[in-house]
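Following: one structure in structure tokens, then a few remarks.
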Amino acid sequence: MSDATALGAPLAARDITAGAYKWYVAATLCAAHAVSMVDRFVMVLVTEPVRAALLLSDTQLGLLQGTGFAILYCAFAIPLGWAADLTNRRNLIAAGITLWSGATIAAAFANSFEMLFAARLVVGFGEACLIPAGMSLLVAYFPRESLGRGVAVFGLGVNIGLGLAFIGGGALLALLYANGGLTVPGLGALTPWQGIFFIAGASAAPVLLMLLWLREPARADDGARGLGESFANLRDGAAHLWRNIDAYGPFFIVGACTSTMGYAVTSWSSSVLVRLHDQAPADAGMIVGLVSVVGGPIGTLTGGWVLDALSARRVVGAPLVLMAAGALLCFTAVIGFSTAPSLTLACASLLLYSFATTGVLPGLYVGMQMLTPDRFRGVAASLNMMLYTFMGLGVGPTAIGLLSDRMGGDGAALGTALVIVAAALAVVIVGTAFATRKAFHAKVL
């Protein structure tokens, strides 16, 4: 085997877009994405046993679920995106997985709020590298005509991870309770909630093995880069973004609004099922998990297929058109979910919502990359990811809660709050998309 094709060696640009290997790359990144979602949301699954074991307040639990993860995730989005533009992306992802999975395992041994909060900080830091490095790899491996489908496969990891976290994790938690916990050789006996953290972190091991067969592609503009040139690259990337803000701006706005809607509905959907349809919390969580597993992958794959079809027909601003259509469908689904007279209709509406909200992701990710030269793609993806996470975790759930409290705090108030927020966000998304799609089209590389 030559050096050019050795395991992990960079591949020339002309060698990598043909054949089936690129789908292995997409599948590996999908698996990494799924594991990241499991480690991100495992805290939600064990909230109550952790509260009882560590005597935590609801405020502390909120910090562990959202803020603790988001702080370093957002703070290091740009630096790690820069690293994705300058270093071996495969190795960067492997380092991130090792870090965040190790921190999740460490959370199993936390005996205080401070220790658990520190572990959640490190999980966020490790996961911040995945989107910029993964998207940069996909753009390198996939030709324009199939990029939407490649990104869609990557996006499947979100829903697979949510399903594993809520459905698989719930079943595993019940099993651990039935067996009195988990015994790990050399580490001793773990309580059920500790066992969940340990298993969630250890589940990353197969993905690290898959990464061994993922080869780093050569960059189209590769060359020796010293520290001075690295800073120059970051400066040039910022200048490129600013010069083309009329095209990039819509994606930052639409991404932030999409994330806000997504986290808002996901965070409160179980409560709607409990308050309006008399479901037990465990049953409501199972419904939300099943809906994510079924509707999410179908939506993501459909969105990728539609985006490729729109691009093939040379539709002006195809990614923006896809996102606008998805926002309208999301709003329709939220109305149905919040006002459904029966559990069946509520579940059907939630399924439609899951389909629609994941269907816009290929447009969001691909559109950004279509505007960006290879050496800046990690930074561009990181900036979008930072806004996406900050708005989603910081604004969405809180906005719904504040509105619901103002209107009485019962089930009807919660449903009304969801509709109001979804309507406002849909107006911004659709208006922004159609007002700027020509500017986007003019800047496509």
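The values are calculated or read from the model by the stated rules, or taken from the named source; none is laboratory data. Predicted model only: the values in this text are computed from it and were never measured. Here the Cβ positions follow ideal geometry from the backbone for every residue, glycine too, while neighbour counts run over all protein chains shown.
Residue-level check: of (1) out of contact with any Cys (no Cβ under 7 Å at 6 or more places or on another chain); (2) in contact (Cβ under 8 Å) with a residue 60 or more places away in the chain; (3) closer than 16 Å to Gly170 by Cβ; (4) not acidic (Asp, Glu), Ala284 misses just (2). Among the residues of segment 196-208, the one identified as under 29 Å from Leu351 (Cβ atoms) and part of a loop (DSSP other than H, G, I, E, B) is Ser203. Only one entry of Phe113, Phe125, Phe117 meets the criterion of being within 22 Å of Asn384 (Cα to Cα) and surrounded by fewer than 24 Cβ atoms within 10 Å (Cβ to Cβ), and that entry is Phe125.
Within segment 43-65, restricting attention to residues that are of a type in the set (A, V, I, L, M, F, W, C) and not in a helix (DSSP H, G or I), the residue that is modelled with the highest pLDDT is Leu55. A single member of Ala346, Ala333 is aliphatic (A, V, I, L, M), crowded, with 23+ Cβ neighbours inside 10 Å and free of Cβ contacts under 8 Å to residues at least 40 places away in the same chain, and it is Ala333. The condition (being more than 18 Å from Ile196 (Cα to Cα) and either without any contact (Cβ under 8 Å) to a residue 60 or more places away in the chain or β-branched (Val, Ile, Thr) (or both)) is satisfied by just one residue among Thr98, Thr67, Thr47: Thr67. Every test in (1) among the hydroxyl-bearing types (Ser, Thr, Tyr); (2) surrounded by fewer than 24 Cβ atoms within 10 Å (Cβ to Cβ); (3) closer than 30 Å to Thr372 by Cα is passed by Thr191 save one, and that test is (3).
Determine which member of the set Thr98, Thr104 is surrounded by fewer than 24 Cβ atoms within 10 Å (Cβ to Cβ), over 17 Å from the mean Cα position of the chain (by Cα) and β-branched (Val, Ile, Thr).
Unique residue meeting the criteria: Thr98.
Restricting attention to segment 161-195 and to residues that are over 30 Å from Thr300 (Cβ atoms) and assigned to a helix (DSSP H, G or I), the residue that is modelled with the lowest pLDDT turns out to be Tyr177.
Considering each residue of segment 407-415 in turn, none proves to be over 15 Å from Ala264 (Cα atoms) and buried (at least 20 other Cβ atoms within 10 Å of the Cβ). Reported count of residues in segment 45-58, each being buried (at least 19 other Cβ atoms within 10 Å of the Cβ) and within 29 Å of Leu156 (Cα to Cα), is 2.
Cβ separations smaller than 9 Å between residues 6+ apart or across chains give the following pairs from segment 265-276 residues that are at pLDDT 80 or above to residues that are not in a helix (DSSP H, G or I): Leu273/Gln279; Leu276/Ala340.
When you scan segment 330-422 for helices (runs of 4 or more DSSP H) that lie fully inside it, which ones turn up with 3 or more residues that are β-branched (Val, Ile, Thr)?
Where helices (runs of 4 or more DSSP H) fall fully within segment 330-422 and carry at least 3 residues being β-branched (Val, Ile, Thr), they are 343-359.
For segment 370-379, residues that are hydrophobic (A, V, I, L, M, F, W, C), at pLDDT 75 or above and surrounded by 22 or more Cβ atoms within 10 Å (Cβ to Cβ) total 1. Among residues that are of a type in the set (A, V, I, L, M, F, W, C), within 16 Å of the chain's Cα centre (by Cα) and at pLDDT 90 or above, Ala26 is included.
Criterion applied to Ala152, Ala140, Ala189, Ala133 was being in contact with a strand residue (DSSP E or B) (Cβ under 9 Å, 6 or more places away or on another chain), assigned by TED's automatic domain parsing to the domain that holds Leu56 and in contact (Cβ under 8 Å) with a residue 12 or more places away in the chain, and the one residue passing it is Ala140. Given the residues Ala256, Ala312, which is the only one that is surrounded by fewer than 21 Cβ atoms within 10 Å (Cβ to Cβ) and either assigned by TED's automatic domain parsing to the domain that holds Ser338 or modelled with pLDDT under 80 (or both)? Going through Ala256, Ala312 in turn, just one is surrounded by fewer than 21 Cβ atoms within 10 Å (Cβ to Cβ) and either assigned by TED's automatic domain parsing to the domain that holds Ser338 or modelled with pLDDT under 80 (or both): Ala312. Taking segment 138-175 as the range and being of a type in the set (A, V, I, L, M, F, W, C), crowded, with 20+ Cβ neighbours inside 10 Å and under 20 Å from Ala110 (Cβ atoms) as the test, only Ala165 passes.
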